[in-house]
Every structure is written in C-alpha cells, then in structure tokens.
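Colleague: Handing you a structure now.
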Amino acid sequence: MDSQTPVLTLDALPLRRRAQITAVDWSALVDEEARRLRALGIDVGAQVTVSHRGIFAGADPLAVQIGRMTVALRRVHARAMQVEAL
Amino acid sequence: MNDLSPVSLRSAALVGNPNAGKSALFNALTGARQKIANYPGVTVERKSGRLPLPDGASVELTDLPGSYGLDATSPDEEVTRRVILGELSGVDAPDVLVVVLDASNLEQHLVFAQEVIALGKPCVVALNMVDLAERDGLVLDPAALENALGVPVIPTVAVRRRGLAELTAAIAAAPAQGHSHPRAHLDMVERRMEARAMAEATIISESVKHRLHSRADELLLNPWVGPLFLLGILFIVFQAVFAWAAPLQDGLEGLVGLLIDAVKGAMPASLLRDFITDGALAGVGAVVVFLPQIIILFFFILVLEATGYMARAAFIMDRMMAGVGLSGRSFIPLLSSFACAVPGIMATRSITDPKDRLTTILIAPLMTCSARLPVYAVIIAAFIPNRPVGPGGIIGLQGLVLLGLYVAGIVGAMVVALVLRRSVTKGAASGFIMEMPKYQLPRLRDLGLGLFQRAWIFLRRAGTMIFHVTIILWLLLNFPRAEAGKDQVDASFAGHIANGLAVLVEPIGFNRDIALALIPSMAAREVAVASLATTYAVASDDEDATAHQLASQLKTHWSLPTALAFLAWFVFAPQCISTIAVTRRETNGWKWPAFMLAYLFGLAYVFAGITYWAALALGL
C-alpha cells in the first residue's frame, strides 16, 4: 500500500464508493461476531460498498453491500476493517 | 426405485442460509400438515411436517433453522449443526438433506451448501426463488450447477409451487443415488472462492437491472423519509391493535357472558354453578380475550417480516436500542408490549441473539400495557385534581400524571436493561450483524398458517396455565366457606393471605383493602378495579358509573400518599399471570419467569415505598 495514503477504514468509506477489504483487525472484534462476519463473506478480499448509514447520532449502523447481499453491521465492526477504494 | 439398495427413507430436512425461502418451500411441500415443538432443552422451534412421496409413502420433513455454516454462532445454528450431524439426542439425523439456495444470491449461499454436501450424506439442492432471480435479470443454468456440485439440482419457486413434484421425486431417489464425485475438504476461504467460481459458471447472462430492493431502500432507509415511514407504519399497527381488537374482545367477552348467563339460567344456585361460571368460564374468558390482540399484532408482524421491512425497521432503530445494550431487533417486541406484553414477548422470537432476547422478554412487562389503563384511570380520576398546569395552562395535571407513569415504565425498562446486560444477561456482545432480506410480497397462505400457529401456541401453552390459575384464584376466594351472615372473602384463604400481606405492605402505605385487591388482580391488573369496587360495595351495571362511585369511595378510604404509592406499584408489579405463563413458555422453564416475578415485585415494593414516604415528607 502507498505509505502516503492514510489508512481508510470501512466506517469512513464514502457512500456508494466501491472498495476492497485489505485487512481486518479480528482481535478488535468479539469472536462470535468475527465468525458471523466471515460467514457472511465480510473478509479480506471482499468487495464492498456502503449503501446506507444509520439515522441517529454517530451514523450507526451501516448497510454494506457485498455481492448481491446487503448486510447491516455496526460502526465498531466497520472500524476494524481496512479498505482500499477501487 | 433402486432394487439393489433398498434404503428406507424416513426423514428429510431443509437446510440453507437464512432468507433462502426455506419456510415458504416447507409450507408448499407439507401444506398445513405441520407440527411445531421445541427442540429438547432449547427454545429453538422445531417445525416438521409430512411430505407425501410419489410412491405413496411419506417422509417426515423438518425445516431446520437458517444457518450460514456448520461453525455455529447462535443457538439456532447450533441446532442445525447438531441435527445434521446426528448429535442431538432424541432427534434422528435426517436421511436426506435438501439444501435450499436463493438463486439470486448463489455466491453467498453456495458456501454453506458446499459444506453440507461435503458431509457425504444423500443430498438434493433446491435452486429456490428462480423467479426473483429472473426479475433481477439473471439467467441461470441449473445443469452447470448440478455438474459442479455433483448432486441433483432442482429449480423451484415455492410460492408458485413450481418444481415441487420434481423436488419430491429427487428426495425419494436421493438415498439410492450417492454422490457422483465426492468433494475434497476445503477450508472457508477455498469454499468461498469455489462458490464464486460455481456461481459464475451457473450464471449464463446477467442484464444490469437496477434491482427493485435497492431502489426501495433508497427511500425506506433515507434519513428523512425512513423514520417517517416507520412512524406511519407503527401508527397503523397501534391503531389496529387498540381499535380493531377492542370490539372483538368485547364480542368474545360477551359470548362468554352469554354462556355464563345460560349456565346460571339452567342450573340452580350452588357452589358448583359458581365454580362453572366464575371459575371455569371466567378462566376461558381470561384466555380468549387475548386472541384478538395476538392475531392482529402478529398479522402485522408477519407481514413486516415477510416483506423484508422488519430488518429495515431494526436498522433504523438500532442506534437507539444500542444505548441500553440491546439491538434494533428488540424494538418491535417492546413497542408491541405497550398494547400487551403477551404478544410482545411472543414476538421476541425474531431476536436471534439469546441474551438480547432474554433481556427483551424480562423488560417487556415494564412497558405500560393497556390493562394498566383502567387502574390508572380510576386512581387518577379520584386523587389528581383536573387543573391546568404549565405555561398557558394547556396541559392538564391528570394527563401529565398519566404521561409520567408511562415515562416511569420506559425509564425503568431502560435502566433494568442496562443493569441486566451487565449482570444476569451479560454476553460477549449484542452486535447487530444482520442480512437485510430482499423485498417480497407476502403470501396469504403463509401468513394464514403463521397466524394460526401463533394463536394455537398461545392457546395450548399459555392458555392452559392462565385457565388453571384463574380456577385456583377462584378456589382461594371461595374456600373455606364463610358461616352464614359473614363475609365470604374475609373467611376465605385469600382473606387470610391478605391479612398476612397487609402486614407486609403496610410500610409502603397500603391498607388491608389494597392487600386483598392485589390477590385476584394477579389474574390481570384491571381486576384490581373490580375487586376494589366489591370491597367498597360499589355495584353498578354501568362501568362508567362504577368508576365514578369507586373514585368517591376511594377518596374517603385512602390518603393521597397511599394512592400515589398504589400507582407506583402498578408501574412495576408483574400482576398478570398471562405474562408469566408466556414467559415460561418462551424461556422453556420456570427459572426466568421466577426471576421476572422477583425483580418486578421487588421494584414495585421499593418504588411504592419511596413514593409513599416522599409524599408524606412533602406533606401531601
């Protein structure tokens, strides 16, 4: 990765911008949640877009488009995921 | 039939990801021949039914809970894993596994499908909802998928009954078939890559259509339109539950009343007659009176779930619920509890996280249900002067007190949720990770079946207990018999219990009359009003007149601090056996209803006491 670009995490990805997950800090997540996310295919290499954000304070949760599926997850989960805009 | 290997085929199970359309397929295959029970030892629902085979025999078909993999993360998935692997004692492993795939989401659904097929058991794949895939502009090649998976693949549209005969035939033939080429064991990442490759090979063409559901989401998850739409939906649901249910409830009560009158007319006055009318028939009345609310509320909940909107509502409300350690999924059950905690608690089944669900069940009775209103109304009318307060005097003091009681319940529930999530129901996380299903039109048949099942579960499981307790309460109030000329209630067991209770509730400002009213109102809160009316010898056929007379009687017998303490008591007190019965049914045991009773009575006692002494100190 280009050392000059700051690390972009999924929670900061602009809406409707396609990106690829490059790294996931699994240690920041509870084991059960980590397994659930992986089971949904939200893992290194997956291509995602954030399609909606929550309405109340903190823009939490997020609706993430992955393949033909939309998955709702919280910002804490998204923050553990580094993405690279495509 | 294959003569070489006469395999007896007894059972089959539907497995697949959540939202693969399994339940619709299950309903289409088994019709109304369904049995619902819980799996041994857990509250996960077991749905099974008989599937007739082409040769005239039939198999038991089970609809396993939706799962993303054999590596379970929820109790539902754990059940699926253990049933498939034959590890669940008392449940035989299914002879044939029917893997259900959403044809428009193959890339995701093929991951778990590979894992199931790799087990080497007889398998059939139902390529379900091919019509929706076509709507999305996908043209699929089932033969390519069959080739890649090595097991029969049958395209189906459950709701239009397409492909059902072919699927049934494939299930019947599966045990003799075996896998054409058993797959090597892959890990999760390899399976995911393989799934992508298989999906690509199966999709012949894909025209770029802007999918309907993403357009709907633009609107329904819009920061401005979304919440307004949700509010509108909730308004309609509430209006329906309150307004539509009332005449039906009155009708059912009237029907029970007619029965009671008929018995009274046909039998001479006796203790047996009283038992039939005031014990047994009143018990039936106490049960059926809940049916209209349950059916109306579940009609809306099932529609919201079937259309896919429920997940959106959870998404919108998640942030607010997260504040007290819950998730958006708890919102609808809690809101429903404002009408009645019974359907509210039944609605918690849609909460997947068991700790979230338990917390929601435990705080549901704190939402001010409609049964508290008659109690509040009588006490407020008697003790709170109807004078305007606030700037401009547009707010009535009575309305303000009523609002305060509602708020007290909500704040109480929030604090209790926070405390429970850090103690009794402490869990790793109540993370909100949820697939948002595609929007779909609900099918009337599935709705009808779902409604019937909810109503039946309530009648059979909770209803029997409500019925029994009503009868026990009647016995307590009527035995032992009073001597001639003496008051029956004073002589009864209930009267003696009230004497003991009076000592206990004296410190919180309650007199013996209240202690006595608390016993029958265990059946339902609103009974407290009728019971007090009896105690103060207020009798009138007209309910409004009764309330009015009772109010003036209360004013002469109770002090204001006592009345306020009584109100505070009813904010918390779990005086509703139906709620307890439903909690027992939904948590599969006595542990949690006992906990609920203890903590709610504890809170009621403490807050009634605080209210009483604070009011005394303020010189009210």
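Any read-out appearing in this document is the output of simple, stated calculations on the displayed coordinates, not a laboratory observation. Values in this document were obtained by computation on a predicted structure and should not be read as measured data. With ideal geometry, Cβ positions are generated from the backbone for all residues, glycine too; neighbour counts draw on all protein chains shown.
Colleague: Give the residue list of trypsin sites (Lys or Arg not before Pro) in chain A that are DSSP loop and have at most 14 other beta-carbon atoms within 10 angstrom.
Modeller: On the way: sites: A:R16, A:R17, A:R18, A:R35, A:R36, A:R38, A:R53, A:R68, A:R74, A:R75, A:R79; in loops: A:R16, A:R17, A:R18, A:R68, A:R74.
Taking chain A and a limit of 14 other Cβ atoms within 10 Å, the loop trypsin sites (Lys or Arg not before Pro) found are A:R16, A:R17, A:R18.
Colleague: Sort segment B:270-353 into rounded, prolate or oblate with this rule: let a ≥ b ≥ c be the square roots of the eigenvalues of the Cα gyration tensor; rounded if a/c is under 1.5, and if a/c is not under 1.5, prolate when a/b is larger than b/c, oblate otherwise.
Modeller: Numbers: a/c = 4.58, a/b = 2.66, b/c = 1.72.
Here segment B:270-353 falls in the prolate category.
Colleague: Let me ask something else about it. Starting from 0.36 nm per residue, how many nanometres of slack lie between B:S552 and B:F601 once their C-alpha separation is accounted for?
Modeller: On the way: separation 49, 0.36 × 49 = 17.64 nm, distance 2.85 nm.
Gain on stretching B:S552 to B:F601: 14.8 nm.
Colleague: Here is a follow-up. Can you give me the C-alpha center-to-center distance between segment A:40-70 and segment B:71-141, rounded to a whole angstrom?
Modeller: Computed from Cα coordinates, the inter-centre distance equals 24 Å.
Colleague: Okay, next question. Taking the DSSP beta bridges in the protein assembly as shown as the whole, what percent of them are antiparallel, to the nearest 5?
Modeller: Taking every DSSP beta bridge with both residues in the protein assembly as shown, the antiparallel ones total about 70 percent.
Colleague: Using amide H atoms built 1.01 Å from N in the peptide plane, name the residues 5+ places from B:F432, or on other chains, whose amide H lies under 5 Å from its own.
Modeller: A:R74
Colleague: Here is a further query. Amide H to amide H, which residues 5 or more places from B:L140 or on other chains are under 5 Å from it, using H placed in the peptide plane?
Modeller: The list, which skips near neighbours in sequence, is B:I204.
Colleague: What 222 nm value per residue comes from the helices of the protein assembly as shown, counting each DSSP H run with n ≥ 4 as -39,500 (n - 2.57) and dividing by all residues, nearest 500 deg cm²/dmol?
Modeller: The helix contribution divided over the protein assembly as shown gives -16000 deg cm²/dmol.
Colleague: FRET efficiency for B:I394 and A:Q20, Cβ-Cβ distance as r, R0 = 45 Å, nearest 0.05? Spell out each step's value before the answer.
Modeller: Details: r = 58 Å, r/R0 = 1.29.
Working from the Cβ atoms, E equals 0.20.
Colleague: If you don't mind, another one. Kindly work out what percent of the DSSP beta bridges joining two residues of segment B:11-209 are antiparallel, to the nearest 5.
Modeller: Working: 15 of 33 bridges.
Bridges in segment B:11-209 are about 45 percent antiparallel.
Colleague: Taking N as the number of residues in segment A:8-85, what value does Rg over Cα atoms divided by 2.2 N^0.38 Å take? Show your work: numbers first, answer last.
Modeller: Values: Rg = 11.1 Å, N = 78, 2.2 N^0.38 = 11.5 Å.
With N residues counted in segment A:8-85, Rg over 2.2 N^0.38 Å equals 0.97.
Colleague: Could you tell me which trypsin sites (Lys or Arg not before Pro) in segment B:378-475 are loop residues by DSSP with no more than 11 other beta carbons within 10 angstrom of their beta carbon? Provide the component values of the computation, followed by the final result.
Modeller: Numbers: sites: B:R421, B:R422, B:K426, B:K438, B:R443, B:R445, B:R454, B:R460, B:R461; in loops: B:K426, B:K438, B:R443.
Qualifying residues, ordered by number: B:K426.
Colleague: How would the protein assembly as shown be classified by its alpha-carbon gyration tensor: rounded, prolate or oblate, with rounded meaning a/c under 1.5 and the a/b versus b/c comparison settling the rest? Walk me through the intermediate numbers first.
Modeller: On the way: a/c = 2.54, a/b = 1.67, b/c = 1.53.
In terms of gyration-tensor shape, prolate.
Colleague: Dipole of segment B:11-209, Cα-centred, from +1 at each Lys and Arg C-beta and -1 at each Asp and Glu C-beta, to the nearest 20 debye? If you can, show how the numbers build up before the last one.
Modeller: Values: 18 positive and 25 negative charges, 114 e Å.
Here segment B:11-209 has a charge dipole of around 540 debye.
Colleague: If you don't mind, there's one more thing I want to ask. Please state, as a whole number in µm²/s, the translational diffusion coefficient that the Stokes-Einstein equation yields for segment B:320-360 at 4 °C and 1.567 mPa s, with Rh defined as the Kirkwood radius across alpha carbon pairs. List each step's numbers first, then the result.
Modeller: Numbers: Rh = 9.9 Å.
Answer, rounded: 131 µm²/s.
Colleague: Then there's this: Cα centroids of segment B:577-591 and segment B:420-450: how far apart, whole angstrom?
Modeller: After rounding, the separation between the Cα centres reads 20 Å.
Colleague: Give me the dipole magnitude in Debye, nearest 20, for chain A about the Cα centre, with unit charges on the beta carbon: positive for Lys and Arg, negative for Asp and Glu.
Modeller: Numbers: 11 positive and 9 negative charges, 75 e Å.
Its charge dipole is roughly 360 debye.
Colleague: Please enumerate, by chain and number, the lysines with C-alpha under 18 Å from the C-alpha of B:K591, excluding those fewer than 8 residues away in the same chain.
Modeller: B:K355, B:K426
Colleague: Next question. Just to be sure I understand the curve: with the Debye formula and one point per C-alpha of segment B:232-321, what is log10 I(q)/I(0) at q = 0.14, 0.15, 0.25, 0.26 Å⁻¹?
Modeller: -0.64, -0.69, -1.14, -1.18
Colleague: Another question, then. In segment B:564-603, what trypsin sites (Lys or Arg not before Pro) fall in a loop by DSSP, with at most 12 other Cβ atoms inside 10 Å? Could the numbers behind the result be given before it?
Modeller: Values: sites: B:R584, B:R585, B:K591; in loops: none.
Counting only loop positions with at most 12 other Cβ atoms within 10 Å, none of the trypsin sites (Lys or Arg not before Pro) in segment B:564-603 qualifies.
Colleague: Using only Cα atoms, locate the centre of segment B:472-540 and the centre of segment B:315-347, then give the distance between them in Å, rounded to an integer.
Modeller: 35 Å
Colleague: Could you go through segment B:220-237 in sequence order and give the Karplus-derived ³J(HN,Hα) for each residue, using 6.51 cos²θ - 1.76 cosθ + 1.60 with θ = phi - 60°, rounded to whole Hz, and x for Gly and Pro?
Modeller: For segment B:220-237, the Karplus-derived couplings read 6, 9, 5, x, 9, 6, x, x, 5, 4, 4, 4, x, 4, 4, 4, 4, 4 Hz, x marking Gly and Pro.
Colleague: Across the residues of B:94-107, average count of Cβ atoms on other protein chains within 10 Å? Present the calculation step by step, with values, prior to reporting the outcome.
Modeller: Details: counts 0, 0, 0, 0, 0, 0, 0, 0, 2, 0, 2, 3, 2, 5.
Going residue by residue through B:94-107 and averaging, the value is 1.
Colleague: In the protein assembly as shown, with Lys and Arg counted as +1 and Asp and Glu as -1 at Cβ, which of these residues, B:A551, A:A12, B:C123, has the Cα nearest the positive end of the dipole, that is, farthest along it?
Modeller: Of the listed residues, the answer is B:A551.
Colleague: What is segment B:355-408 by shape, rounded, prolate or oblate, if you read a ≥ b ≥ c off the alpha carbon gyration tensor as root eigenvalues and call it rounded for a/c under 1.5, prolate for a/b larger than b/c, and oblate otherwise?
Modeller: Because a/c hits 1.5 or more and a/b fails to exceed b/c, segment B:355-408 counts as oblate.
Colleague: Name the lysines eligible as straight-distance cross-link partners of B:K121: C-alpha to C-alpha under 27 Å, and not fewer than 8 places from it in the same chain.
Modeller: Straight-distance partners of B:K121: B:K22, B:K35, B:K47.
Colleague: Give me a comma-separated list of calculated 3J(HN,Hα) values for segment B:444-452, in order, Karplus coefficients 6.51, -1.76, 1.60 applied at θ = phi - 60°, integers in Hz, x for any Gly or Pro.
Modeller: 3, 4, 5, 4, x, 4, x, 5, 4
Colleague: So if the hydrodynamic radius of chain B is defined as the Kirkwood radius over C-alpha pairs, what does Stokes-Einstein give as its diffusion coefficient at 37 °C and 0.692 mPa s, in µm² per second? All intermediate terms of the calculation are to be shown ahead of the outcome.
Modeller: Working: Rh = 27.3 Å.
For these conditions, the coefficient is 120 µm²/s.
Colleague: Suppose R0 equals 22 Å. What FRET efficiency, 1/(1 + (r/R0)^6) with r the Cβ-Cβ distance, do B:L271 and B:N499 give to the nearest 0.05?
Modeller: The computed FRET efficiency comes out at 0.40.
Colleague: At 0.36 nm per residue, and after removing the present C-alpha to C-alpha distance, how many nm does the segment from B:L441 to B:D250 gain when stretched out fully? List each step's numbers first, then the result.
Modeller: Working: separation 191, 0.36 × 191 = 68.76 nm, distance 3.30 nm.
Length difference between fully extended and current span is 65.5 nm.
Colleague: Using a 10 Å Cβ count of at most 14 others and DSSP loop calls, identify the longest part of chain B lacking such chymotrypsin sites (Phe, Trp or Tyr not before Pro).
Modeller: It runs B:225-589.
Colleague: Could you give the nm distance between label points at B:E218 and B:A144, where each point is 7 Å from its Cα heading toward the beta carbon?
Modeller: Roughly 3.0 nm, to one decimal.
Colleague: Something else: Name the long-range amide H neighbours of A:R53: under 5 Å, sequence gap of 5 or more, or other chain; modelled H, no Pro or chain starts.
Modeller: A:A63
Colleague: Another one. Residues of A:62-69, mean number of Cβ from any other protein chain within 10 Å of their own Cβ, rounded to a whole number? Kindly include the intermediate steps, with their values, before the conclusion.
Modeller: Values: counts 1, 7, 2, 3, 3, 7, 13, 12.
Averaged over the peptide's residues, the number is 6.
Colleague: Now a separate question. For segment B:544-556, just list the computed ³J(HN,Hα) in residue order, Karplus coefficients 6.51, -1.76 and 1.60, θ = phi - 60°, integers in Hz, with x standing in for Gly and Pro.
Modeller: 5, 5, 4, 4, 5, 5, 4, 4, 5, 5, 4, 4, 7
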